[in-house]
Amino acid sequence: MDERDAKIEKLEELLKNQEVSAKMLVRRDLELTRAYEKLEELGQLKSDFVSVVAHQLRTPLSVTKWSLDMLWEISKKTLTPEEVRVLLRGRESNERMIRLVDNLLNVDLHEVGKVQYSFNSISLADQAESVVEQLMPVATKRNINLVFKRDGEIPNINGDDEKLSSVIQNLIENALKYTPKGGDVNVGVAKKEEKVVVSVKDTGIGIPKAEKDQLFKKFYRGENAIKTVTEGSGLGLFIAQKIVRRHGGKIWFESEEGNGTTFYFTIPLEGIK
Amino acid sequence: MDNKINLLVVEDEPFLRDLLLMKFKQEEIEVKYAADGESALEAAKENTPDAILLDLVLPGMSGFDVLDKLKEQEETKDIPVIILSNLGQEADIEKCKEKGATDVLIKAHSSPSAIIQKVREIIEG
């Protein structure tokens, strides 16, 4: 009888413990749900904040842009070289701010997964060639030898042409920005196994080993990059990585500080829809 | 015969509006303007412009609602509407096109000359 009582007592104790555990689980579940809701709320708040700030910034930036554009058109023939320089610097700064606001909005959209992609059969080689042509005046101005090379027949991929062009443009602009005068920037497109590989190789300042893991992080800029060019938001590569990954591809680089960098990205031939 | 382009600009920011009006005047384009949705709808009915440049963020009625109304009304449904706004996210652009806008321009990305060029392209074909 004593043994039976002891067993019952033990069973009751176990049941009680189970009940306590179940209650704790329910409470923890509730806490986690609340924390998750709070986080979602904060995320939404951040998105709303970025969106409102960005749009509020765009209006005065448009006012400045339109005023400077009109002043330039009206007076470009009568201005002294010094006045032209001042006006053009004003326009450059304005364009830089507009790009920064665009990037801030883009980052937020990428983070909340609200970027819309439109997938079509496109030629990455044609895209890269066209971006190279578009950036040729910048390269010439900086006395950098910008070369495009298409390696054999390259099949089309399934991708968003505007977004992939912006990735190629970002990589080439970075290469031009961080390569000293007289240097080289080589852009190549090739087919490798079941992928198309785009490469942008420069003879620029390179990326310090210690910073290799940081480069694709939001707002990150290399120490030597900041010393070379003060302007830059540290958002370009972050966005580029998001776009490439959305296409099922990879983006990476090989570099040695002081000896140039090569950025690569691949897009699989059987693209994601 | 008067072949002048006749435009309606719907913009509530006075300085941007003045700049646009100045630019259009230089190009000898006839412009009427409205600073809110209600007066835009009235002006569109009265004048039947060749095209409407429409901002999306307006006091009172939003540009999206104005666009809906313009496309509903018999007298205005065929007038090309070019959205000129700083709400340039893909979802907004998509929404405008679905509602019947002919094109969407982002103010911060478009110079006054580029806007005029677009207007001419749309009207003159």
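Can you tell me how many residues within the range A:178-198 are among the acidic types (Asp, Glu) and touching an Asp or Glu at 6+ places or on another chain (Cβ under 8 Å)?
Result for the range A:178-198: 2.
Out of all the residues in the range B:1-24, which are surrounded by fewer than 18 Cβ atoms within 10 Å (Cβ to Cβ) and more than 12 Å from chain A (Cβ to nearest Cβ)?
B:Met1, B:Asp2, B:Asn3, B:Lys4, B:Asn6
Of the residues that sit in the range A:21-52 and are free of Cβ contacts under 8 Å to residues at least 24 places away in the same chain and within 14 Å of chain B (Cβ to nearest Cβ), which one is nearest to A:Leu87 (Cα to Cα)?
Restricting to residues being free of Cβ contacts under 8 Å to residues at least 24 places away in the same chain and within 14 Å of chain B (Cβ to nearest Cβ), the top hit is A:Val52.
Taking the residues in the range B:97-121 that are within 12 Å of the chain's Cα centre (by Cα) and more than 10 Å from chain A (Cβ to nearest Cβ) as candidates, determine which candidate is nearest to A:Ser62 (Cα to Cα).
Only one residue tops the list, namely B:Leu105.
Any residue at all in the range A:215-233 that's more than 26 Å from A:Val101 (Cβ to Cβ) and free of Cβ contacts under 8 Å to residues at least 24 places away in the same chain?
No - not one qualifying residue is present in the range A:215-233.
When the range B:26-64 is examined, which residues are found to be surrounded by fewer than 19 Cβ atoms within 10 Å (Cβ to Cβ), in contact with a strand residue (DSSP E or B) (Cβ under 9 Å, 6 or more places away or on another chain) and within 12 Å of another protein chain (Cβ to nearest Cβ)?
B:Val57, the sole residue that qualifies.
Would you pick out the residues in the range B:82-96 that are away from chain A (no Cβ under 13 Å) and closer than 18 Å to B:Leu16 by Cβ?
Result: B:Ile82, B:Ile83.
Listed residues A:Glu95, A:Glu31, A:Glu3; which is at pLDDT 85 or above and more than 26 Å from the chain's Cα centre (by Cα)?
Result of the check over A:Glu95, A:Glu31, A:Glu3: A:Glu31.
A:Lys65 - would you say it is closer than 28 Å to A:Gln169 by Cβ, without any contact (Cβ under 8 Å) to a residue 40 or more places away in the chain and not polar (S, T, N, Q)?
Taking the combined requirement at face value, the residue satisfies it.
Check off (1) modelled with pLDDT under 95; (2) surrounded by 20 or more Cβ atoms within 10 Å (Cβ to Cβ); (3) assigned to a strand (DSSP E or B) for A:Asn158 and give me the number that stays unchecked.
That leaves (2) as the condition not met.
I need the full set of residues from the range A:68-98 which are crowded, with 17+ Cβ neighbours inside 10 Å and in contact (Cβ under 8 Å) with a residue 60 or more places away in the chain, in order please.
none
The values are calculated or read from the model by the stated rules, or taken from the named source; none is laboratory data. These figures come from a predicted structure and were not determined experimentally. Ideal geometry is used to build each Cβ from the backbone, glycine not excepted, and the neighbour counts take in all protein chains shown.
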